[in-house]
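Working notes, beginning with the structure itself.
The values are calculated or read from the model by the stated rules, or taken from the named source; none is laboratory data. Just so it is clear, the model here is predicted, and its values are computed rather than measured. Here the Cβ is made from the backbone with ideal geometry for all residues, glycine too, and neighbour counts use every protein chain on show. Remember, those area values only see protein heavy atoms, side chains included, never the ligands or the DNA or RNA. Shrake-Rupley method; radii C 1.70, N 1.55, O 1.52, S 1.80 Å.
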Amino acid sequence: VSMLSAIGLIPFVRVQWKGMITVAASIIIAILSSLPALKALGGENFEYLFHGSFVTGIIPVRMDALSAWFILIINFTFITGALYGLQYMKHYRDQKTSLSLHCTSFVILHASLISICCLQNTIAFLIAWEAMALSSFILVIFEHHKKETLKAGINYLIQSHICILLLTLGFIWVA
């Protein structure tokens, strides 16, 4: 809910609020995912079953100690990154559209990385992986007017989609 609210708000608020909304969304995502993660580290695993569709079937979301550890690391990294970015991105205040896309992608990347750690459904996992790949691509090419930056972003996008292809083939092979 916080992710969707932030994504919906970011394009329409003043530039000075975009960063604050991004930081707030990262903190909310971190709190909501860290609470069950801390319980999972203590031995109390988390599980929730979403009713999927005809295509996906039931979508289990499970968190054990290993996924909890990764979630806590991701949350720490994103909160510190959001706080650092709040000051760092002030240099780009004149790029309103790029900032909106950057902040939105940051929130989507955070949520998708958390999802990757605990989704137990192949199709849902691949969708989260694709969201992660595309949102991080957008973050990489923030300064898209620079040829080197765009080249690095396209290189990343190609590599990430090769990984998605290999993951898909691996899931097919296991099934």
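Can you tell me which of (1) within 22 Å of ALA30 (Cβ to Cβ); (2) open to solvent by less than 20 Å² (accessible area, probe 1.4 Å) is the one ASN121 doesn't meet?
(1)
Quick one: which of LEU169, LEU157, LEU126 is more than 23 Å from PRO60 (Cβ to Cβ), out of contact with any Cys (no Cβ under 9 Å at 6 or more places or on another chain) and in a helix (DSSP H, G or I)?
Exactly one residue qualifies, and that residue is LEU157.
What do you reckon, is LEU86 loosely packed, with under 14 Cβ neighbours inside 10 Å and either assigned to a loop (DSSP other than H, G, I, E, B) or more than 17 Å from the chain's Cα centre (by Cα) (or both)?
no
Quick one: ILE73 ticks every box in (1) touching a residue at least 40 places away in the same chain (Cβ under 8 Å); (2) of a type in the set (A, V, I, L, M); (3) closer than 30 Å to LYS18 by Cβ bar one, so which box is it?
Against the list (1) touching a residue at least 40 places away in the same chain (Cβ under 8 Å); (2) of a type in the set (A, V, I, L, M); (3) closer than 30 Å to LYS18 by Cβ, ILE73 comes up short only on (1).
Which ones in the stretch 1-41 are among the charged types (D, E, K, R) and either assigned to a helix (DSSP H, G or I) or within 19 Å of PHE78 (Cα to Cα) (or both)?
If the condition is that a residue be among the charged types (D, E, K, R) and either assigned to a helix (DSSP H, G or I) or within 19 Å of PHE78 (Cα to Cα) (or both), then LYS18, LYS39 are the ones that fit.
So that you can scan it fast, the table gives a plain yes or no per residue for (1) at pLDDT 95 or above; (2) open to solvent by 20 Å² or more (accessible area, probe 1.4 Å):
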| residue | (1), (2) |
| --- | --- |
| LEU9 | no, yes |
| PHE12 | no, yes |
| VAL23 | no, no |
| GLY52 | no, yes |
| THR56 | no, yes |
| ILE59 | yes, yes |
| MET63 | yes, no |
| ILE74 | yes, yes |
